[in-house]
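Reviewing the structure listed below.
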Amino acid sequence: MSRKKIKEEESGGVPEYMLTYGDMMTLLLCFFVLLFAFSEIDARKFQAIMQSFQGSAGILKSGKSMEVDNYISNSLNEDNLTSSVDELANLRKLKQIVENYLAENDLENQIIVNLEKRGLLLRFKENVLFDSGKAVLKPKSKATLKFLAGLLKRKEFADKFIRVEGHTDSDPIIRSTKYPTNWELSSIRAANVVRFFIEETNMKPERFSISGYSKYHPVAPNDTPENKAKNRRVDIVILRSDLLKNEPNY
């Protein structure tokens with residue numbers, strides 16, 4: 001074999017330093033794969049991070065370079081994200097405790113518990129708290145309100161703001177000096193629930209707000225006695241703090 005051919009064969013392949021470099025990159029890749037495998041992905045944070053890349057650097061198709069999102073508005077502040085996740089977990093915990101209480105006291109058909117976007121909703125049918133056309137709390141209802149107050153004074157729930165909302169059906173109220181219209185009746189009912197929490201259970205007044213909606217926020221059409229009964233209610237809403245930034249009263 002000629003010297004020229006031997007030289008050409010020896011010059012084939014990659015330089016030796018590239019072999020070492022390639023081995024090192026492979027080891028690094030394995031290392032990060034292992035780290036990823038041992039870690040837990042927070043789905044909410046991951047989604048927020050991915051949304052922040054939309055439309056930037058050509059990574060994802062979108063008309064915006066940044067997605068407007070409650071969880072990204074503070075430059076992906078990790079503390080805010082963690083706080084929101086923890087708060088949601090606390091509301092779920094509160095929901096479970098209340099549901100257990102209702103089941104133990106045969107109140108499941110009288111009080112509805114639902115986790116909504118604005119927070120935890122406790123919907124009291126009219127006959128649970130008040131007699132028809134009246135705004136004086138029924139004595140039997142006070143035990144349930146005291147139980148709820150005890151929960152809301154616990155450390156994990158003590159920072160929650162609470163809105164109490166009164167609602168009526170579409171039937172005109174029998175006019176009186178106390179409640180000329182359904183507006184007064186719905187508002188005074190909400191106010192009396194808040195007064196009970198403050199005066200009878202020593203909850204902080206600054207945690208509360210009231211709303212009287214009369215007949216204008218029904219949950220069912222006012223076309224049958226059964227549906228009208230659904231609309232006569234008092235809603236107690238334990239509000240999510242991350243949705244209160246636009247509320248002027250908090």
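The values are calculated or read from the model by the stated rules, or taken from the named source; none is laboratory data. All values derive from a computational prediction rather than experimental measurement. With ideal geometry, Cβ positions are generated from the backbone for all residues, glycine too; neighbour counts draw on all protein chains shown. For accessibility, only protein heavy atoms count, side chains too; no ligands or nucleic acids. Shrake-Rupley method; radii C 1.70, N 1.55, O 1.52, S 1.80 Å.
Data overview
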item: Förster radius 51 Å - calculated FRET efficiency between V85 and K178, Cβ distance, rounded to 0.05; result: 0.65
item: P(r) histogram, all alpha-carbon pairs of segment 142-187 included - 5 Å bins from 0, percent; result: 5, 17, 17, 14, 11, 14, 11, 8, 2
item: Share of alpha-carbon pairs per 10 Å distance bin for segment 142-250, given as whole %; result: 14, 39, 32, 14, 1
item: Potential extension, K93-N109 segment - 0.36 nm per residue separation minus Cα distance; result: 3.7 nm
item: Full-stretch length increase - S211, L29 - with 0.36 nm per residue and alpha-carbon distance subtracted; result: 59.7 nm
item: Trypsin sites (Lys or Arg not before Pro) within segment 148-184, DSSP loop, no more than 15 other Cβ atoms inside 10 Å; result: K153, R154, R175, K178
item: Solvent accessible area, Å² - Y213, 1.4 Å probe, full protein context; result: 60 Å²
item: Separation of the R118 and D131 label points, Cα + 7 Å toward Cβ, nm; result: 3.1 nm
